[in-house]
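A short worksheet on the structure shown next.
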Amino acid sequence: MKAHQYFVIHKPFNVLSQFTSQEEGKKTLKDFFEVPIDVYPVGRLDYDSEGLLILTNDKKLNHHLLDPSFMHEREYWAQVEGTINKTAIAKLEDGVEISIEGKKFKTRPCGAAIFQNEPTVSERNPPIRYRKNIPTSWAKLVLMEGKNRQARKMLANVGFPVLRLIRFRIENITLEGLAPGEMRMMQENEMYRLLAIKGK
C-alpha cells in the first residue's frame, strides 16, 4: 500500500490553490511546489489570499478537515482599511450576517482580536496600494467554519474592508518559519497529532 504524504505550504498572493489552470496568465501551485501527482490541496485559499495550505493524498485527513461536522480552528490575519475597534470585534465574535450564494448566512461565534502592534509578516508582491489619508490596522479571526470568502465578508460587514488576508494557522499547524513559496514535509503521526485527529 502506498504511503501517505503530507506537505505544509505557504501559498503566495495571486496564486490559484490548484495545480492546473484554465485561466490564462494566472499562476498555480505548480509554479512553486513540486509534489507527487496524486497529492492535492486540502480545501483552498482564494487567489488573492495568502498563507497556510495542507497538501496530501490522505483521503481520511481530507475528509476530516473539509467535513463541517469536524470543527477545527483556522486562524486568519487581516490587514483592513481603517482603524478597527472593539465594537467591530464584539460583533465579529457574536457572529454576523453575510451572503453565501445569494442567501443570508449567520456566522458562528468566533475568536476575534485587534493586533496592538503590526504582526511580522512577509512582504507581499505586489504590496497593497498605500493611501496616505486612510489608515490601516490588523485583526485576527479564529473561525470554526470555512464558507466562501468568509473572513473578508465578515470584516466588510462590520465596516472594515480587507486589504490583505493571510491564513496563519490550522489547529496547531502554523506558517511559522515558512516564507511565501516555501514548503515543509511532515510525517503522518505529527500531522494527525497537530490537527488533533484521533486514530493515528
Exercise. Using beta carbons and a limit of 6 Å, which pairs, at least six apart or on different chains, have the first residue in the range 2-23 and aliphatic (A, V, I, L, M) and the second one outside any strand (DSSP E or B)?
Worked result: I9/F33; L16/K26; L16/Y47
Seminar exercise, completed: Screening R108, R131 for residues that are in a loop (DSSP other than H, G, I, E, B) and either of a type in the set (F, W, Y) or at pLDDT below 90 (or both) leaves only R131
Exercise. In the range 73-126, how many are surrounded by 11 or more Cβ atoms within 10 Å (Cβ to Cβ), within 17 Å of the chain's Cα centre (by Cα) and closer than 25 Å to A179 by Cβ?
Worked result: 13
Exercise. Under the condition of being farther than 17 Å from P68 by Cβ and under 18 Å from the mean Cα position of the chain (by Cα), which residue from the range 133-152 is surrounded by the fewest Cβ atoms within 10 Å (Cβ to Cβ)?
Worked result: K140
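The values are calculated or read from the model by the stated rules, or taken from the named source; none is laboratory data. The structure displayed is predicted, hence computed values, not measured ones. All Cβ positions, even for glycine, are placed from backbone atoms using ideal geometry, and neighbour counts span all protein chains on display.
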